[in-house]
Number of protein chains: 2
Amino acid sequence: MDIIMKLRLSKRALKEDFQSSFVKIMLEVAAKGDLISFAGGLPNPESFPVEEIKAAANKVLETKGAYSLQYNSTEGYGPLREFIANRYKKQGIEIEASDILIANGSQQALDIISSCLIDPDDDVLVEDPSYLAALQSFHLYNPKIHTVNLNEDGADINEFKEAINKYNHKFFYSVPNFQNPTGITYTNAVREKIAEIMKGKDTFFVEDNPYGELRFKGEHQKSFGTYLGEQAILLGTFSKTVAPGMRLGWIACRQKELYAKMKDYKQLIDLHTGTFAQVVVSQYLEDNDYDEHIKKIIDLYGRQCNYMLEAMDKYLPKDMHWTHPEGGMFIWATLPKGIDAVELSRKAAEDGVVVVAGEPFYEAKRGLGTLRLNYTNSKPEDIDKGISILAKAIEKMRK
Amino acid sequence: MDIIMKLRLSKRALKEDFQSSFVKIMLEVAAKGDLISFAGGLPNPESFPVEEIKAAANKVLETKGAYSLQYNSTEGYGPLREFIANRYKKQGIEIEASDILIANGSQQALDIISSCLIDPDDDVLVEDPSYLAALQSFHLYNPKIHTVNLNEDGADINEFKEAINKYNHKFFYSVPNFQNPTGITYTNAVREKIAEIMKGKDTFFVEDNPYGELRFKGEHQKSFGTYLGEQAILLGTFSKTVAPGMRLGWIACRQKELYAKMKDYKQLIDLHTGTFAQVVVSQYLEDNDYDEHIKKIIDLYGRQCNYMLEAMDKYLPKDMHWTHPEGGMFIWATLPKGIDAVELSRKAAEDGVVVVAGEPFYEAKRGLGTLRLNYTNSKPEDIDKGISILAKAIEKMRK
């Protein structure tokens with residue numbers, strides 16, 4: 001019955017995935033069964049508003065059942081786009097519902113932006129390290145990727161200025177709040193300088209902001225949308241504040257021509273994002289106090305972060321250091337000199353704890369001895385136990 | 001506040017959308033307000049199982065609430081993939097759950113296949129006319145598109161043989177059941193010959209089958225999956241049998257290497273299809289008699305099709321002819337000689353009825369005087385009225 005045929009894949013499909021060797025290690029390590037994991041970036045399911053979503057789904061199916069199950073517009077469900085625009089307005093950012101394009105999570109938003117802006121060999125600027133799945137998305141379109149180092153207060157200003165002046169980047173991709181992987185947040189002072197350097201250039205600032213609402217201490221810093229007007233493309237998502245299983249992200253883009261092209265592309269690739277998920281989440285947002293819900297997540301994550309920082313102080317060697325995030329989901333740790341992070345991630349998994357080495361988050365740098373630790377999705381007792389196992393694994397490697 | 005920047009779009013974004021001039025006319029015509037429309041391809045919302053989806057959503061949120069709201073695997077929700085594979089098996093097609101990749105509707109399935117198979121200038125074979133949104137999806141990847149004419153029993157065998165022998169096509173894209181736009185179904189005899197011609201070639205048969213379950217008379221014809229084994233890539237969707245607002249389509253692909261590449265690409269472009277929609281629809285399928293539900297849709301669409309055919313017999317001139325579909329959603333009509341379909345679609349809209357000219361469904365042919373008429377989504381009285389308006393518009397153009 002089976003016919004043997006020669007498979008002729010496209011060049012794009014034949015191209016090795018960016019960082020695939022590291023991703024393979026991460027998958028192998030994660031597949032080792034019942035381990036304590038600080039590897040993922042999953043929100044804590046405890047925070048999902050299950051009852052409220054149930055009430056919203058019932059109301060939607062009772063009052064606009066047929067509408068919620070029918071095809072919808074490519075740009076997305078109107079009331080949901082209104083809600084998103086209004087939240088931007090409350091922050092002083094001039095975004096209208098007509099600037100919002102709903103996507104299947106912000107991963108799709110990255111693909112849409114990349115497709116509409118990147119030609120092969122175009123220059124694109126990213127933070128180093130940066131969000132792995134964003135790098136993978138950009139690499140699909142074969143740009144030249146340039147990097148700027150991160151300091152504790154954001155991108156290094158001098159390097160940024162040099163990079164912006166040297167190349168005519170299509171965009172700078174940044175996660176300015178509680179960055180993935182480092183947890184670093186740009187201060188307002190750094191934001192102002194970065195915005196000043198970018199003004200007048202033909203380079204977009206792509207602000208990816210999945211964690212911005214998850215601040216458990218310190219002061220809210222301003223969105224680049226307030227500094228850069230239509231030069232800023234803002235990405236958001238309900239994955240970290242409502243539920244990732246809804247796959248609802250968005251692009252806020254005030255540049256009308258780009259918006260129109262992105263909408264056309266979205267129509268080509270999947271017509272539109274699921275109506276049912278959009279209408280249910282919109283109903284949920286209408287009938288509940290979203291800020292109150294976010295506050296509960298923040299309280300939970302703040303506690304979890306503290307547990308982890310306390311355990312790190314207690315168990316980890318003194319020649320290590322790490323970030324102290326004010327929000328988000330990750331701590332970024334630097335290992336003692338000479339300890340290889342990839343090797344450590346394998347060894348620690350054998351001992352029962354999964355961590356992610358920093359390597360895949362760097363465009364090119366290797367061997368920096370960095371680790372990303374997620375604190376949102378483990379039980380407190382597991383955090384303590386997991387960090388103590390990690391500490392022992394480090395000591396074993398030192399010998 | 002606003003910064004004037006030069007927009008530098010990618011070449012892909014700058015490329016004019018395939019058939020965009022026709023799509024513009026279609027949108028203009030459709031925007032004319034409260035008209036009788038035979039233009040869309042929307043399922044009748046009367047057929048949506050609203051109550052059953054509500055019961056499924058409640059059950060899911062009560063029994064696996066957190067799971068249904070969390071991230072999921074790229075290939076899709078296991079039980080849903082099992083259900084799909086089992087339906088293929090019942091038809092005698094050897095498809096396993098591990099061959100199924102869930103997509104955001106079959107429009108995304110088309111993009112995934114195109115991305116993984118088409119390099120610029122690759123040869124791709126399509127029916128003429130073909131499904132417009134599929135043509136648009138392929139054009140994004142810049143192939144050379146070749147066409148084969150359709151007869152009432154399927155693709156023209158001689159033309160098909162010639163086309164297959166002349167070029168080494170990456171795939172042949174076909175909607176063999178109740179085709180969009182023509183409503184034509186391939187007979188088993190034609191299928192056998194087509195399969196015979198394709199065997200041993202390195203060309204995939206992409207069988208897009210959104211309407212196959214919607215047969216209201218005649219005999220079920222065999223899927224190309226039964227003839228072509230791993231040379232067949234099968235596309236399916238719940239959009240026409242459950243609800244399009246869930247955005248749930250799939251690719252069934254037995255070629256393991258291609259499957260793996262398509263899964264990797266899906267991960268890059270949006271991680272995975274919405275968990276909530278998948279789990280709710282899976283629960284709905286588990287708790288209800290799907291065949292019984294489809295029977296209701298078939299009864300409805302069969303009646304609607306009859307109304308339209310009766311009205312066409314009653315009102316339309318004798319020098320027109322049209323298809324008599326045994327299922328699906330469309331009738332394909334050929335106008336009297338000398339009547340331009342695009343012009344007629346404008347005129348008819350002015351008089352209160354929206355129809356789609358055949359032009360955009362052809363890769364290159366123009367002025368064939370064909371119309372696509374959708375009968376699934378209008379009230380019976382509107383069908384009669386709409387066809388009588390159309391008849392008058394045709395007579396006016398004849399003068």
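So that you can scan it fast, the table gives a plain yes or no per residue for (1) crowded, with 23+ Cβ neighbours inside 10 Å; (2) under 23 Å from A:PRO210 (Cα atoms); (3) away from chain B (no Cβ under 13 Å); (4) modelled with pLDDT under 95:
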residue: A:GLU16; (1), (2), (3), (4): no, no, no, yes
residue: A:PRO43; (1), (2), (3), (4): yes, yes, no, yes
residue: A:VAL50; (1), (2), (3), (4): no, yes, no, no
residue: A:LYS59; (1), (2), (3), (4): no, no, no, no
residue: A:SER68; (1), (2), (3), (4): yes, no, no, no
residue: A:PRO79; (1), (2), (3), (4): no, yes, yes, no
residue: A:SER98; (1), (2), (3), (4): no, yes, yes, no
residue: A:ILE113; (1), (2), (3), (4): yes, yes, no, no
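Tell me yes or no: at least one residue of region B:39-55 is closer than 17 Å to B:PHE276 by Cβ and without any contact (Cβ under 8 Å) to a residue 24 or more places away in the chain.
Scanning region B:39-55 turns up at least one residue that is closer than 17 Å to B:PHE276 by Cβ and without any contact (Cβ under 8 Å) to a residue 24 or more places away in the chain.
Residue-wise test of (1) touching a Ser or Thr at 6+ places or on another chain (Cβ under 8 Å); (2) basic (Lys, Arg); (3) part of a helix (DSSP H, G or I).
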site: A:GLU292; (1), (2), (3): no, no, yes
site: A:LYS295; (1), (2), (3): no, yes, yes
site: A:LEU300; (1), (2), (3): yes, no, yes
site: A:ASN306; (1), (2), (3): no, no, yes
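Go over the candidates A:GLY183, A:GLY92 one by one and state the one that is surrounded by fewer than 24 Cβ atoms within 10 Å (Cβ to Cβ), in contact (Cβ under 8 Å) with a residue 40 or more places away in the chain and not hydroxyl-bearing (Ser, Thr, Tyr).
Just a single option satisfies the conditions, and that option is A:GLY92.
Taking the options B:GLY369, B:GLY338, B:GLY328, name whichever one is at positive phi, surrounded by fewer than 18 Cβ atoms within 10 Å (Cβ to Cβ) and not hydrophobic (A, V, I, L, M, F, W, C). Before you say what the answer is, go through the steps one by one.
Details: B:GLY369 fails: surrounded by fewer than 18 Cβ atoms within 10 Å (Cβ to Cβ); B:GLY328 fails: surrounded by fewer than 18 Cβ atoms within 10 Å (Cβ to Cβ).
It is B:GLY338.
Scan region A:248-260 and give yes if some residue there is within 22 Å of A:ASN58 (Cβ to Cβ), touching a helix residue (DSSP H, G or I) at 6+ places or on another chain (Cβ under 7 Å) and not acidic (Asp, Glu), otherwise no.
Here is the first cut: in region A:248-260, the residues within 22 Å of A:ASN58 (Cβ to Cβ) are A:248.
Add one more test, that the residue is touching a helix residue (DSSP H, G or I) at 6+ places or on another chain (Cβ under 7 Å), and what stays is A:248.
When the remaining residues are screened for being not acidic (Asp, Glu), the result is A:248.
Yes - at least one qualifying residue is present in region A:248-260.
Would you check which residues across region A:57-97 are touching a Phe, Trp or Tyr at 6+ places or on another chain (Cβ under 8 Å), within 16 Å of A:GLY249 (Cα to Cα) and of a type in the set (Gly, Ala, Ser) and list them?
Residue satisfying the conditions is A:GLY76 alone.
Those residues that are over 17 Å from B:TRP322 (Cβ atoms), of a type in the set (A, V, I, L, M, F, W, C) and in contact with a strand residue (DSSP E or B) (Cβ under 7 Å, 6 or more places away or on another chain), I need them from region B:348-376; list them, please.
Result: B:VAL354, single match.
For region B:115-160: of the residues being buried (at least 17 other Cβ atoms within 10 Å of the Cβ), farther than 19 Å from B:LYS365 by Cβ and out of contact with any strand residue (DSSP E or B) (no Cβ under 8 Å at 6 or more places or on another chain), which is nearest to the other protein chains (Cβ to nearest Cβ)?
B:CYS116
Being at pLDDT below 95 and either surrounded by 20 or more Cβ atoms within 10 Å (Cβ to Cβ) or in a helix (DSSP H, G or I) (or both): is that true of B:ASN86 here?
On the way: at pLDDT below 95: no; either surrounded by 20 or more Cβ atoms within 10 Å (Cβ to Cβ) or in a helix (DSSP H, G or I) (or both): yes.
Taking the combined requirement at face value, the residue does not satisfy it.
The values are calculated or read from the model by the stated rules, or taken from the named source; none is laboratory data. In this text the structure is predicted, and so the values were computed from the model without any measurement. Because the Cβ atoms are built from the backbone with ideal geometry, glycine has one as well, and the counts that use them run over all protein chains shown.
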